[in-house]
Amino acid sequence: MNELTESQVKELWTRIREELAELEQLLDSSGESSKPVALDEPIGRLSRMDAMQQQQMAVAGRQAHLQRLQLLKNALAAMEREEYGCCRRCEEPIGYKRLKVRPEAPFCLDCQSHSEGGN
Ligand SMILES: [Zn+2]
């Protein structure tokens, strides 16, 4: 069981919905820049490398956004099942303090630091 009150869950639900909307907008607008660089474009070698580097950064950023989007969606689903706020590894409460900072967090701080090797 989690230790969150109903109003805390409501507050976090609102935050998650807001962040989801923001991320979806971000992903929409970054869709263009993460398209592969057309190699037959008549640009110089250096600027092509530049473009490819920029594209790689855009792809990496997009992947991070997609990952976060998935976590946020998982958190919403967990709320529907009334499982939100419990660590998915040890099933201990994640805690409101941590959820306030990362409402999408699926693990408690202990388990998170185990899986990420620090942080
Ligand atoms: Zn845990």
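Points to keep in mind about this one:
- Placed amide H near CYS86: partners under 5 Å, 5+ positions off or other chain: ILE94
- The packing ranking, built from the mean of other Cβ atoms within 10 Å per residue, places the peptides 55-65, 82-92 in the order 82-92, 55-65, highest first.
- Note, ³J(HN,Hα) from phi for the range 17-30, Karplus 6.51, -1.76, 1.60, rounded to Hz, x at Gly and Pro: 4, 5, 5, 4, 4, 4, 5, 5, 5, 4, 5, 4, 7, 8
We did not get these values from a lab; they are worked out from the coordinates using the rules stated. What you see is a predicted model; the values in this text were computed from it and never measured. Cβ atoms come from the backbone with ideal geometry, glycine included; neighbour counts cover every protein chain shown.
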